[in-house]
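Written out below as structure tokens is the structure these notes cover.
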Amino acid sequence: MINTKDEALIIAFGSRVRKLRKQRRLSMEKLAELSGIDYRQLSYVELGQVNTTISTASALANGLDIPLKELFDFDNDNFPMHQKSEKV
């Protein structure tokens, strides 16, 4: 079960992977093959159903032929990862 405080991040990561995969016109099967991971694992990641490991994220970045940090560039997707709290 996913901790609710992490749920938005996990879903955003999966959405980012899906977006980058589709931009490159790769099927899920092809990206899984290029990344050396199981197709079902990729499906779980994209759907935000699993809190993936850094090694899986690295494999996905390699499969997408991008730097690892690009997988975490949520600002480009207009995702508010960190909201600044106002001081009272």
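Search the range 38-61 for residues that are over 11 Å from F13 (Cβ atoms) and pair each with any residue that is β-branched (V, I, T) and in a helix (DSSP H, G or I) when their beta-carbon atoms are under 7 Å apart and the residues are at least 6 apart or on different chains.
Close Cβ pairs satisfying both conditions: Q41/T56.
Which residues, taken from the range 45-67, are open to solvent by 30 Å² or more (accessible area, probe 1.4 Å), closer than 20 Å to Q23 by Cα and under 10 Å from the mean Cα position of the chain (by Cα)?
L47
Give the range 68-86 a look and list any residue that's open to solvent by 40 Å² or more (accessible area, probe 1.4 Å), among the hydrophobic types (A, V, I, L, M, F, W, C) and at pLDDT below 95, or say none.
F72, F79, M81
Which residues, taken from the range 9-37, are under 21 Å from K69 (Cβ atoms), free of Cβ contacts under 8 Å to residues at least 40 places away in the same chain and exposed (fewer than 14 other Cβ atoms within 10 Å of the Cβ)? I'd like the intermediate steps shown before the answer.
The initial filter retains those residues of the range 9-37 that are under 21 Å from K69 (Cβ atoms), namely 9-24, 26, 31, 34-37.
When the remaining residues are screened for being free of Cβ contacts under 8 Å to residues at least 40 places away in the same chain, the result is 11, 14, 18, 22-23, 26, 31, 34-37.
Once the filter is applied, which keeps residues that are under 21 Å from K69 (Cβ atoms), free of Cβ contacts under 8 Å to residues at least 40 places away in the same chain and exposed (fewer than 14 other Cβ atoms within 10 Å of the Cβ), the range 9-37 yields K22, Q23, G36.
The values are calculated or read from the model by the stated rules, or taken from the named source; none is laboratory data. Just so we're clear, the structure is a prediction, and the values are computed from it rather than from any experiment. Please note: Cβ atoms are built from the backbone with ideal geometry, for glycine as well, and neighbour counts cover all protein chains shown. Only protein heavy atoms, including side chains, enter the accessible area calculation; ligands, DNA and RNA are left aside. Shrake-Rupley method; radii C 1.70, N 1.55, O 1.52, S 1.80 Å.
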